[in-house]
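Okay, so here's the structure we're looking at.
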Amino acid sequence: MRTLPACLLLVLALTTPAVQAAPPSVQKRQERRMETQGLVKEFLKGGLAVPTAISRLRILREEAFAAGLFAAAIPEVLEPRRLRDVTAVLAGLETRAAEPTLVDLAGHEDSAVRMYAIQGLGKVRSRRVDVMLPLLEDKSYGVRREVARALGATGNPKVGKALLTSARTETDPQTRVMLLEAVGAAGDKKQAPALKAFLDDSSESTRFAAARGLCLLGAPEGFTFARKLLTSEDKHVRRQGLALYEGVAAKQSSSALRPLLEDKDRTLAAGAARILYQGGDKTMMSWLVLASWNAQGEEKLVYEKELETLHLADDERKALLRKAGVVK
């Protein structure tokens with residue numbers, strides 16, 4: 001059985017609260033922290049898998065506290081495999097409190113540790129581009145892909161040029177796709193002409209990624225590409241066209257997506273409603289709720305899948321149904 005790092009034992013000793021002496025609201029918080037401590041201990045001993053640890057820690061809503069415990073333990077986590085797991089959990093907690101530790105781990109010699117660290121920085125939309133930009137040249141595909149995703153998540157136009165430069169020389173097709181999409185996500189409109197050149201690439205995935213980046217930048221060439229896909233007779237091609245509008249503001253996508261609400265392909269219709277909602281058209285939540293209410297069988301599942309993505313609470317659903325007059 002693994003022993004816990006001495007530094008973590010000290011932290012646990014100093015932070016273990018006297019539960020019974022506190023007011024009820026504080027007691028609940030303290031109880032959650034005690035349970036968090038127990039989960040961290042169990043994980044460090046090898047008793048929990050990474051997905052299980054992330055799920056259970058996030059349920060307790062003490063992510064920042066857990067991140068501090070892991071940060072204290074890391075100096076004595078010597079096994080590479082265990083350090084990878086710890087870094088993966090830190091990334092999965094999605095808390096800003098883990099950012100300093102993830103920044104340090106982004107320079108680790110182990111490529112998997114670097115990959116998880118950058119993944120974590122991307123999830124908290126870290127602004128530490130000084131740490132991430134050099135890793136665009138990392139030897140690991142996994143690291144480069146996560147760097148592309150994380151840099152796009154910053155929404156910082158200043159990284160657009162570096163992302164596009166890397167895309168031109170990238171040898172891994174999947175990484176190149178992620179770099180091109182990240183150019184759009186970063187929001188550097190000056191890169192639109194260069195992205196447009198990729199629309200003529202021999203690779204279908206590269207063309208699609210360039211169009212996605214252009215759509216995110218609000219460039220007409222991207223929307224033209226997407227509309228062409230939406231006119232296809234093949235439902236799968238049309239769904240590809242719809243996917244290009246992910247993350248686009250409703251005011252830019254409405255003219256193309258609102259007509260899809262009446263499409264016979266209800267998967268396409270439900271997806272269009274969800275994208276419009278996420279783009280700022282709040283009426284689409286009610287549309288999805290009512291469409292699900294009126295649907296039967298498999299069609300109902302189509303709408304529920306999109307509503308699940310939006311994390312709609314039961315009380316919110318009931319309120320929308322009452323407002324629509326279908327329930328009391």
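The values are calculated or read from the model by the stated rules, or taken from the named source; none is laboratory data. Since the model is a prediction, treat every value here as computed from it, not as a measurement. Cβ atoms come from the backbone with ideal geometry, glycine included; neighbour counts cover every protein chain shown. When the accessible area is computed, the model is the full protein with side chains, heavy atoms only, and any ligands, DNA or RNA have been set aside. Shrake-Rupley method; radii C 1.70, N 1.55, O 1.52, S 1.80 Å.
How about segment 197-211: which of its residues are in a helix (DSSP H, G or I) and surrounded by 15 or more Cβ atoms within 10 Å (Cβ to Cβ)?
Correct list: Phe198, Leu199, Thr206, Arg207, Phe208, Ala209, Ala210, Ala211.
Looking only at segment 71-82, which residues are among the hydrophobic types (A, V, I, L, M, F, W, C), assigned to a helix (DSSP H, G or I) and either modelled with pLDDT under 95 or open to solvent by 10 Å² or more (accessible area, probe 1.4 Å) (or both)? Don't jump to the end; show me each part of the working.
Residues of segment 71-82 that are among the hydrophobic types (A, V, I, L, M, F, W, C), as a first pass: 71-74, 77-78.
Of the ones still in play, those that are also assigned to a helix (DSSP H, G or I) are 71-74.
Correct list: Ala71, Ala72, Ile74.
Could you say which residue among Arg128, Arg144, Arg96 is closer than 23 Å to Gln191 by Cα and surrounded by fewer than 22 Cβ atoms within 10 Å (Cβ to Cβ)?
Arg128
Using the structure shown, decide if Gly68 is part of a helix (DSSP H, G or I) and open to solvent by 10 Å² or more (accessible area, probe 1.4 Å).
Values: part of a helix (DSSP H, G or I): yes; open to solvent by 10 Å² or more (accessible area, probe 1.4 Å): yes.
Considered against the rule, which asks whether it is part of a helix (DSSP H, G or I) and open to solvent by 10 Å² or more (accessible area, probe 1.4 Å), Gly68 comes out as yes.
Look through segment 157-196, keep the residues that are in a helix (DSSP H, G or I) and free of Cβ contacts under 8 Å to residues at least 12 places away in the same chain, and return whichever of them is nearest to Arg128 (Cα to Cα). Talk me through it step by step, then tell me what you get.
Within segment 157-196, the first condition is being in a helix (DSSP H, G or I), and the residues that meet it are 157-169, 173-186, 189-196.
If we keep only those that are free of Cβ contacts under 8 Å to residues at least 12 places away in the same chain too, we end up with 165, 168-169, 193.
Working: Thr165: 19, Arg168: 24, Thr169: 24, Pro193: 27 Å.
Among them, the one singled out is Thr165.
For segment 256-279, name all the residues that are surrounded by fewer than 18 Cβ atoms within 10 Å (Cβ to Cβ) and in contact with a Phe, Trp or Tyr (Cβ under 9 Å, 6 or more places away or on another chain).
Leu261, Arg266
Quickly run through segment 212-246 and pick out the residues that are under 19 Å from Trp287 (Cα atoms) and open to solvent by 40 Å² or more (accessible area, probe 1.4 Å). Walk me through it before giving the result.
If we filter segment 212-246 for residues that are under 19 Å from Trp287 (Cα atoms), which is where we start, we get 242, 245-246.
Hit for segment 212-246 is Glu246, nothing else.
Can you tell me which residue within segment 131-141, out of those that are of a type outside the set (Phe, Trp, Tyr) and in a helix (DSSP H, G or I), is most open to solvent (accessible area, probe 1.4 Å)? Talk me through it step by step, then tell me what you get.
From segment 131-141, those of a type outside the set (Phe, Trp, Tyr) are 131-140; that's our starting set.
Add one more test, that the residue is in a helix (DSSP H, G or I), and what stays is 131-137.
Values: Val131: 29, Met132: 1, Leu133: 58, Pro134: 82, Leu135: 23, Leu136: 17, Glu137: 163 Å².
Looking at residues that are of a type outside the set (Phe, Trp, Tyr) and in a helix (DSSP H, G or I), I get Glu137.
Looking at this structure, is Gly152 open to solvent by less than 20 Å² (accessible area, probe 1.4 Å), in a helix (DSSP H, G or I), of a type in the set (Gly, Ala, Ser) and closer than 17 Å to Met115 by Cβ?
Yes.
Can you name the residue in segment 240-255 that is in contact with a helix residue (DSSP H, G or I) (Cβ under 6 Å, 6 or more places away or on another chain) and part of a helix (DSSP H, G or I) and is also nearest to Glu306 (Cα to Cα) among such residues?
Leu242
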